[in-house]
Amino acid sequence: MVKKKIKEDLFFYLSPIALAYWIMSDGVSTKYRLTICTDNYSVTEVVRLINILIIRYDLNCSIHYCKGLPRIYIKASSLNKLRTIISPHIIPFSLYKLQKGKRNNIL
């Protein structure tokens, strides 16, 4: 498996639009969180991504493992803040990923 690398200056480029696209493509929502699938990144790279989300957007994030691979877990307590940041950039089909506890409703 090829591991992806995160450039150190990504902090300056992870705009709300880029974050919205990332979540639309790699985000998975449940009642209690939004998970970003980062299976092809090393733990070090995922920690770097989490730090960007915490510092730049003040999101409550942690790392969780799925089948031994690291994923970013954005806790329910940060979903309202995340919605505010990215909802203007989300296409209608993907809005369900921002619904707390509702998977098929549009905001």
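Structure summary
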item	result
Tally, over region 6-34, of residues that are surrounded by 11 or more Cβ atoms within 10 Å (Cβ to Cβ) and in a loop (DSSP other than H, G, I, E, B)	4
Any pair with Cβ under 7 angstrom, 6 or more apart, that starts in region 75-97 at a residue that is basic (Lys, Arg) and ends at one that is surrounded by fewer than 13 Cβ atoms within 10 Å (Cβ to Cβ) and in a helix (DSSP H, G or I)	none
Some residue of region 49-62 being at pLDDT below 95 and among the β-branched types (Val, Ile, Thr)	no
Only listed residue being surrounded by 13 or more Cβ atoms within 10 Å (Cβ to Cβ) and at negative phi, chosen from 55, 50	50
Scope region 80-94; condition within 11 Å of residue 17 (Cα to Cα) and surrounded by 11 or more Cβ atoms within 10 Å (Cβ to Cβ); matching residues	85, 86, 87, 89, 90
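The values are calculated or read from the model by the stated rules, or taken from the named source; none is laboratory data. Please read these numbers as outputs of a predicted model, since none were measured by experiment. All Cβ positions, glycine included, derive from the backbone under ideal geometry; neighbour counts span all protein chains shown.
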